[in-house]
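Participant: Could you have a look at this structure, given as structure tokens, before my questions?
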Amino acid sequence: MKTIDDFNFENKRALIRVDFNVPLNDSFEVTDATRIISAKPTIIKVLEDGGSCVLMSHLGRPKGVQEEFSLKHIIPKIEDILGVEVKFATDCVGEEAETMASDLQPGQILLLENLRFHDEEKQGDEAFAEKLSKLGDIYVNDAFGTAHRAHASTTIVAKFFPEAKCFGYLLAKEIDSIKKVMEDGEKPVLAVLGGAKVSSKITVIENILDKVDHLIIGGGMTFTFIKAQGGEIGDSICEEDKMELALDILEQAKSKNVQVHLPVDVVAANAFSNDTETQIVDVMHIPAGWQGLDAGPKSIENFDKVVKACKTILWNGPLGVFEMENFAKGTIALGDSIAEATAEGAFSLVGGGDSVAAVKQFGFEKKVSYVSTGGGAMLESLEGKTLPGIAAILS
Ligand code: AMP
């Protein structure tokens, strides 16, 4: 696996695909700069080698050229974080970009305008990718968040750099973390899968059964499994058409010697609201008119024991409706357990969807081994798929 450390960038221009798809407020100010901060080590390495950087990214989902999606809005933030002046090309391809890229001096940075102002980006257009390729000497992919897309800048462009392409630090770290869980994780290996629906996690569950010793299933998914086993789930969220599949998953787990842990009790509410009556009930006997919105105290205790017994932990999806304070306890408790296991030497990876938001919201970010930067890309990796952006560098 070629990383940025395999190259010396002295007098070279690095064409770096970063993920600067950051949230902006109404005044076009960056409200969360995590993604820019995450790309910093890669950019600094190139500059310190004596090279220059051409940064390319998308921002939002523009339809053609739309001023509000211009990457120019984020220049002050990038300059702030990197401490280097950022030049800007108002189109990501064409004469202006080419001249500015070829005029770059060591230590300088050029940011290209939003790639998605051109439809060819998402279409993975080869001619467009070739135009991008003219802007650098070495192609660096450091955008995990789009690595599952075969877009021009994430995948196709790599073919124009057969000998000069590599992963940036961020992408390399993502790949390493997934490998640590899925391939060479120290046993026992645990996956915690929560979130709303079974349907969005089926392929992940099926793939993961071959890799783990323990599987905790929590969140809204729980109730499809409970009802399938004859439990009364009241008004809890349930995918009736996935009940058979749930039983099949439990069977598969048994035959693969995977221990499945479901909640035994839940915090049930008589409405989907933070300010409503709640009670702790047995998960198999949720009264009519009530719905399970969080893991109960006994479940939390059980999960804690499982987490602490494991050496490798993957966490994807919250254990309850953590957006509402009264149903966040299970998710917070799980975060605490994983943080403690990590402090004791376990490797923990949090990734895919809402668990990342939960981990950030409740301050666990620095207490787990790695928090993935890519939702969809992480899910597809856990499903066992080869991501096109990664394959393009490896080929
Ligand atoms: P996902 O994107 O699949 O990780 O799902 C996350 C969502 O699942 C969050 O918005 C949670 O509020 C929701 N969720 C978790 N537990 C429950 C539950 N018991 N009932 C309904 N929604 C839930």
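Participant: Tell me which of these residue 312 doesn't satisfy, since it passes every other one: (1) modelled with pLDDT of 95 or more; (2) within 29 Å of residue 141 (Cα to Cα); (3) open to solvent by 10 Å² or more (accessible area, probe 1.4 Å).
Facilitator: Here residue 312 clears every test but (3).
Participant: Name the helices (runs of 4 or more DSSP H) wholly within region 83-190 that hold at least 3 residues that are of a type in the set (Asp, Glu)? Don't jump to the end; show me each part of the working.
Facilitator: On the way: elements: 95-102, 119-123, 126-133, 169-182.
Those helices (runs of 4 or more DSSP H) span 95-102, 119-123.
Participant: Please go through region 337-359 and pick out each residue that is in contact with a helix residue (DSSP H, G or I) (Cβ under 8 Å, 6 or more places away or on another chain) and open to solvent by 50 Å² or more (accessible area, probe 1.4 Å).
Facilitator: 340, 343, 344
Participant: Considering (1) more than 11 Å from the ligand (Cβ to nearest atom); (2) under 16 Å from residue 292 (Cα atoms); (3) modelled with pLDDT under 95, say which one residue 197 fails and leave the rest.
Facilitator: Result: residue 197 passes all but (1).
Participant: In this structure, is residue 226 within 12 Å of the ligand (Cβ to nearest atom) and either under 25 Å from residue 329 (Cα atoms) or out of contact with any Phe, Trp or Tyr (no Cβ under 6 Å at 6 or more places or on another chain) (or both)? Please lay out each step first, then the result.
Facilitator: Values: within 12 Å of the ligand (Cβ to nearest atom): yes; either under 25 Å from residue 329 (Cα atoms) or out of contact with any Phe, Trp or Tyr (no Cβ under 6 Å at 6 or more places or on another chain) (or both): yes.
Taking the combined requirement at face value, the residue satisfies it.
Participant: Considering only region 156-207, state which residues are of a type in the set (Ser, Thr, Tyr) and open to solvent by less than 30 Å² (accessible area, probe 1.4 Å). Spell out how you get there, then give the answer.
Facilitator: Here is the first cut: in region 156-207, the ones of a type in the set (Ser, Thr, Tyr) are 169, 177, 199-200, 203.
Passing the criteria: only 177.
Participant: Take the conditions touching a Lys or Arg at 6+ places or on another chain (Cβ under 6 Å) and under 25 Å from residue 262 (Cβ atoms) and apply them to residue 341. Does it pass? Don't jump to the end; show me each part of the working.
Facilitator: Details: touching a Lys or Arg at 6+ places or on another chain (Cβ under 6 Å): yes; under 25 Å from residue 262 (Cβ atoms): yes.
Yes.
Participant: Run down 178, 237, 205 and say which single residue is within 13 Å of the ligand (Cβ to nearest atom) and closer than 24 Å to residue 369 by Cα. Full working, then the answer.
Facilitator: Details: 178 fails: within 13 Å of the ligand (Cβ to nearest atom); 237 fails: closer than 24 Å to residue 369 by Cα.
That would be 205, the only listed residue that is within 13 Å of the ligand (Cβ to nearest atom) and closer than 24 Å to residue 369 by Cα.
Participant: Looking at 71, 111, 59, 104, can you tell me which residue is surrounded by 15 or more Cβ atoms within 10 Å (Cβ to Cβ), within 27 Å of the chain's Cα centre (by Cα) and under 21 Å from residue 11 (Cβ atoms)? Before you say what the answer is, go through the steps one by one.
Facilitator: Numbers: 71 fails: under 21 Å from residue 11 (Cβ atoms); 59 fails: under 21 Å from residue 11 (Cβ atoms); 104 fails: within 27 Å of the chain's Cα centre (by Cα).
Selected residue: 111, the only one of 71, 111, 59, 104 that is surrounded by 15 or more Cβ atoms within 10 Å (Cβ to Cβ), within 27 Å of the chain's Cα centre (by Cα) and under 21 Å from residue 11 (Cβ atoms).
Participant: Please determine whether any residue of region 116-138 is small (Gly, Ala, Ser) and free of Cβ contacts under 8 Å to residues at least 12 places away in the same chain.
Facilitator: Kept after step one, since they are small (Gly, Ala, Ser), are these residues of region 116-138: 124, 127, 129, 133, 136.
Adding the requirement that they be free of Cβ contacts under 8 Å to residues at least 12 places away in the same chain leaves 127.
Within region 116-138 (the criterion being small (Gly, Ala, Ser) and free of Cβ contacts under 8 Å to residues at least 12 places away in the same chain), the answer is yes, since at least one residue qualifies.
Participant: Would you confirm, using the coordinates I've provided, whether residue 256 is open to solvent by 40 Å² or more (accessible area, probe 1.4 Å), at pLDDT 95 or above and more than 16 Å from the ligand (Cβ to nearest atom)? Let's see the steps before the verdict.
Facilitator: Numbers: open to solvent by 40 Å² or more (accessible area, probe 1.4 Å): yes; at pLDDT 95 or above: yes; more than 16 Å from the ligand (Cβ to nearest atom): yes.
Criteria met by residue 256.
Participant: Any idea how many residues of region 321-372 are of a type in the set (A, V, I, L, M, F, W, C), closer than 19 Å to residue 181 by Cα and in contact with an Asp or Glu (Cβ under 6 Å, 6 or more places away or on another chain)?
Facilitator: 2
Participant: Quick one: how many residues across region 29-50 are crowded, with 19+ Cβ neighbours inside 10 Å and of a type in the set (Asp, Glu)?
Facilitator: Within region 29-50, residues that are crowded, with 19+ Cβ neighbours inside 10 Å and of a type in the set (Asp, Glu) number 0.
Participant: Considering only region 116-155, state which residues are among the polar types (S, T, N, Q) and open to solvent by less than 30 Å² (accessible area, probe 1.4 Å).
Facilitator: In the first step, residues of region 116-155 are kept if they are among the polar types (S, T, N, Q); the result is 123, 133, 141, 146, 153-155.
Correct list: 133, 141, 146, 153, 154, 155.
Participant: Let me ask you something else. Restricting to region 8-32, count the residues that are touching an Asp or Glu at 6+ places or on another chain (Cβ under 8 Å) and closer than 18 Å to residue 142 by Cβ.
Facilitator: Number satisfying all stated conditions: 11.
The values are calculated or read from the model by the stated rules, or taken from the named source; none is laboratory data. No experiment lies behind these values; they were computed from the predicted model shown. Heads up, the Cβs are rebuilt from the backbone with ideal geometry, glycines too, and the neighbour counts pull from every protein chain shown. Accessible surface areas use protein heavy atoms only, side chains included; no ligands, DNA or RNA. Shrake-Rupley method; radii C 1.70, N 1.55, O 1.52, S 1.80 Å.
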